[in-house]
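Data block below; observations after.
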């Protein structure tokens, strides 16, 4: 929040600075434009004056008076020529009045003022003024000077032009015509936004729109600035009538033999300062409004954003709880499984030794010859049951190891044909195996990858099942084919088909077929075989069982270099 | 009628007197300044100024006898016309008492005036065919600079002399003054507004004196 406030505050401060500097630049360009137009006015004025004066100083009568030793005719000759320039029309428009001369004088060869015969005709000047317009020597170029008003005969500053008069005979300066005009001045209606201009010369400032006291103070400041800041031009801020003002001064008669005069322009900044203050307030108020609005808006938006997040949090909490429950259940199941597996393993070991003891006892009883023959038959059956029990225990032990994930395979190439042949030999030695027709279609070198013992167990299970569930004078067909890097061994046998209801439960533990009453077995064989096949990366499935033909096939990984041969 | 007859009689008398007096002759050459190639005022006008010196271009000189001579009630009429914005002739020697007419032969106004101490006058503006032809009587010796108030480049010179014995040289400076009185005299040669040579000469009747200036 604090950061947001700080950032927004900073942003508005920068914006205010930017706007402020823009405004200042605009103000300066305004100021420059006004100054420019003033200068243009002055240039026009000077150009008009120059043209007038140029024609005056080439006037043949004036030249004749100066060159033909007729100085007494100088002013009378000039009087006619300057008559229209001197005619002051006090009610005429200002634009016409500015081109009217207030006085004129000729300078002699030493730069001194040549006294006119009648001062009224050439404009009255005090002796002090006449000294001020005299020059130390005659100029070769036009000179511009300014003559401050003297508060008696002349009001306001006069601009004076001293125009050299060259002899048409010698080409040398023989005189100069000095003409005094009222200095260009902007209309004096000083308001809070307009530029006022005046002339500073010799420590006096003539700026009629300023009060006399302010003029004196300002004049001193300009004197100071001229001596300290720049002799050519400069500007500074000052306070007049408690209002800030920008003052600009410029040396307007450089290279003149007359004393330095400065044009002084004063631009009031009161309006600008007020405007800037107002702008600052506007920005502050606007900023606060924006801030409040932004907070309201952001709160709304945040609420909008928060709703789905809250819902999501709720949902995720529920899901989390459910997952925890599921994980707990899984943990329990896992523990149960492990316990079961451990139990199964323990049970197998605990069971094996009593069975061995039992079998040994039964065998020693069979070796006695003092029992009745029925007893021997019973003993023989019991002994057979101990073997069956050992088989069950072995299978259970193996399954338990598999369930616990403790069974480690050492895969090597195994000759499947040899394995099958070994078991077929055993099969034929079985009492009920004699009348079975065995059709072994395997080639001699059928190599698969696996652990020989378990591969053998799988084959044994399949062949024993084929024998056990066969009918008399039935047959067993053993085939093999290669498929995608696997060897598929199929074992088919004649005999009653497995009912369809049974087929889906065939591979579950302790399941036996419905026709299994007279068949030995414990219902772990197919389950064990399938799990072993899967452990080897293969599978075991029932291909089909219908009307005197049941066929299983097991998929085992082929040893690579033997595949081709196995397929043939 | 009477005045007319008197005037005619005067003329005849004058001619007689001259024929008697003009026994002596002075001739020679005035060393004229070089023709100025870059005059201050445009070249085509004959009176030029250079360093404040008025002279003609090409240079001419006026050779005259430096003494008061002739009739004090002498009157003659000469002309300095304004043609092509120039005075023609640009240099005119006259005897005191000569009236000079200034006819305007241009199609524009001229305003001939002079502020020279020898003669100040101002004829005002006038056009061609102004009648009577504006004129001035030159009654004081001296150099008179003619100016036009309208055309500030126009310059003309009238040299007002107290003698009737004067002549303008040719552009080589050769001159011949005839009908001079015998005796000891001073002959002057006006070359420009700042240069006048003078030489004493002993004139004998019927003889020709050779004078070269300077």
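The values are calculated or read from the model by the stated rules, or taken from the named source; none is laboratory data. The model shown is predicted, which means the values in this text are computed figures rather than measured ones. For neighbour counting, all protein chains shown are included, and Cβ atoms are generated from backbone atoms with ideal geometry for every residue, glycine included.
Count of region A:249-285 residues, restricted to those that are in contact (Cβ under 8 Å) with a residue 60 or more places away in the chain and under 27 Å from residue A:3 (Cα atoms), is 4. Looking across region A:44-74, the residues that are outside any loop (DSSP other than H, G, I, E, B), in contact with a strand residue (DSSP E or B) (Cβ under 6 Å, 6 or more places away or on another chain) and either loosely packed, with under 14 Cβ neighbours inside 10 Å or facing chain B (nearest Cβ under 7 Å) (or both) come down to A:60, A:64, A:65, A:73.
Counting only strands (runs of 3 or more DSSP E) that sit wholly inside region A:418-526, not one has at least 2 residues that are surrounded by 13 or more Cβ atoms within 10 Å (Cβ to Cβ), touching a helix residue (DSSP H, G or I) at 6+ places or on another chain (Cβ under 7 Å) and at pLDDT below 85. For residue A:396, state whether it is in a loop (DSSP other than H, G, I, E, B) and at pLDDT below 80. The answer is no for residue A:396.
In region B:132-142, what residues are closer than 20 Å to residue B:62 by Cα and either within 8 Å of chain A (Cβ to nearest Cβ) or assigned to a loop (DSSP other than H, G, I, E, B) (or both)? Listed by number, the residues that qualify are B:139, B:140, B:141.
Counting the residues of region A:399-417 that are in contact with a strand residue (DSSP E or B) (Cβ under 9 Å, 6 or more places away or on another chain) and at pLDDT below 80 gives 1. Out of B:129, B:171, one residue alone is under 14 Å from residue B:61 (Cα atoms) and not in a strand (DSSP E or B). It is B:171.
Results for (1) more than 14 Å from every other protein chain (Cβ to nearest Cβ); (2) modelled with pLDDT of 90 or more; (3) in contact with a strand residue (DSSP E or B) (Cβ under 7 Å, 6 or more places away or on another chain); (4) more than 26 Å from residue A:63 (Cβ to Cβ), shown as yes or no for each residue.
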site	(1), (2), (3), (4)
B:101	yes, yes, yes, no
B:118	no, no, yes, no
B:130	yes, no, yes, no
B:144	no, yes, yes, no
B:149	no, no, yes, no
B:153	no, no, no, no
B:159	yes, yes, yes, no
B:163	yes, no, yes, yes
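Exactly one residue out of A:165, A:160, A:133, A:179 is within 14 Å of another protein chain (Cβ to nearest Cβ), modelled with pLDDT of 85 or more and touching a strand residue (DSSP E or B) at 6+ places or on another chain (Cβ under 7 Å): that is A:165. As for region B:182-200, it holds at least one residue that is over 30 Å from residue B:104 (Cβ atoms), away from every other protein chain (no Cβ under 14 Å) and not in a strand (DSSP E or B).
For region B:4-26, the criterion of being at pLDDT 85 or above and over 17 Å from the mean Cα position of the chain (by Cα) is met by at least one residue.
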